[in-house]
Amino acid sequence: MSFVSMLLVALILDAVFGEPDWLWSRVPHPATLMGRVVNWFDETLNKGEMRQAKGIAAIVILSIAAVLIGVAIQWVPYFDFVEILLAAVLLAHRSLIQHVEDVASALRTGLTAGRESVSMIVGRDSKQLDETGVARSAIESAAENFSDGVVAPAFWFLLLGLPGILLYKMVNTADSMVGYKTEEYAEFGFGSAKFDDLLNWIPARITAALLCLATLDREALETARTDADLHRSPNAGWPEAAMAGVLGVALSGPRSYEGKMTEDPFINSHGKRDLRPADVEDSIAILNRTWLCLVAILGFIALVFWII
């Protein structure tokens, strides 16, 4: 069974079943296990001198371990079945949609509920956000996490199979935990952040292209091309700029982290800035269309392989 066919099945399984509570309340999710290992390295090595070197060593060890685990699992009987299941677990389309839907629903009930809900998916300060700020944060998270949670793991699975997707998820988990430019992590998280940037470079741009293809929006593709570099991240700007162009809204802009306001410029600055729950719901619809576009492309490729 080809990687394309296995990925196609894994994407569908993830979309149908998502993250079942009955399972992950009984056994730890693979991402949770990865997080525990990253936390151990953080607590053990992120102290004293040479923190940057220690952080680089940690991410190298974690990456090698992830690849070796993937290679070892290939020896398991009925490997294709196991690989599909693990890939489905490590993809996150349905859970992403559910989290963003929760923000839209909460915001419709009230601003306080919206702030609490969006705080679950973004790292910025949410207590002072107005309705537009909550909606914008949710849309940005939707676009960025579609790249990080769906397209990037799918890309690395297609290239390297299970070792590839495990490598990506390990690095992405490490970056989400220690890849911050704070006093505590600026040095130790340097290696994780840079490696994550490298692994996401191509997927982020593929995500922008998929968003525009799914909506047949050439102007949004131009917005992504011109405005992506306005973002502080070398990768997140691509899906966010494409989403901004498709929705016709302005994203990014100034926001607060740890009580300090940034001076980030707006992406698609001429777009609508007064955002509401309906705009969040529109972004969800676009992500679902983009997921369907991805599945259709993979299905076509799988069919070609089968015919050949």
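Annotations
- Put simply, of 8, 13, 86 the only residue that is in contact with a Gly (Cβ under 7 Å, 6 or more places away or on another chain) and within 19 Å of residue 298 (Cα to Cα) is 8.
- Long-range neighbours under 9 Å by Cβ, at least six apart or interchain, first residue touching a residue at least 40 places away in the same chain (Cβ under 8 Å) and among the hydrophobic types (A, V, I, L, M, F, W, C) within segment 210-236, second surrounded by 16 or more Cβ atoms within 10 Å (Cβ to Cβ) and part of a loop (DSSP other than H, G, I, E, B): 211/217
- No other residue among 110, 70 is free of Cβ contacts under 8 Å to residues at least 60 places away in the same chain, more than 23 Å from residue 291 (Cβ to Cβ) and not aliphatic (A, V, I, L, M) apart from 110.
- Inter-residue pairs, beta-carbon under 6 Å, first at negative phi and in segment 35-61, second surrounded by 18 or more Cβ atoms within 10 Å (Cβ to Cβ) and among the basic types (Lys, Arg), 6+ apart: 45/54
- Lone qualifier among 147, 192 - being part of a helix (DSSP H, G or I), touching a helix residue (DSSP H, G or I) at 6+ places or on another chain (Cβ under 6 Å), of a type in the set (Ser, Thr, Tyr) and over 19 Å from residue 40 (Cα atoms): 147
- The set of residues in segment 5-64 that are out of contact with any Leu (no Cβ under 8 Å at 6 or more places or on another chain), within 30 Å of residue 304 (Cβ to Cβ) and not β-branched (Val, Ile, Thr) comprises 5, 6, 15, 17, 18.
- Being under 20 Å from the mean Cα position of the chain (by Cα) and surrounded by 14 or more Cβ atoms within 10 Å (Cβ to Cβ) is not true of residue 69.
- Residue list for segment 279-299, restricted to those being over 11 Å from residue 139 (Cα atoms) and in contact (Cβ under 8 Å) with a residue 24 or more places away in the chain: 288, 289, 290, 291, 292, 293, 294, 295, 298, 299
- Single residue of segment 93-123 satisfying the filter (surrounded by fewer than 17 Cβ atoms within 10 Å (Cβ to Cβ) and assigned to a loop (DSSP other than H, G, I, E, B)) that is modelled with the highest pLDDT: 110
- Residue check, residue 65 closer than 27 Å to residue 98 by Cβ, of a type in the set (A, V, I, L, M) and either modelled with pLDDT of 95 or more or not in a helix (DSSP H, G or I) (or both): no
The values are calculated or read from the model by the stated rules, or taken from the named source; none is laboratory data. What you are looking at is a predicted structure, and each value in this text was computed from that prediction instead of being measured. Because the Cβ atoms are built from the backbone with ideal geometry, glycine has one as well, and the counts that use them run over all protein chains shown.
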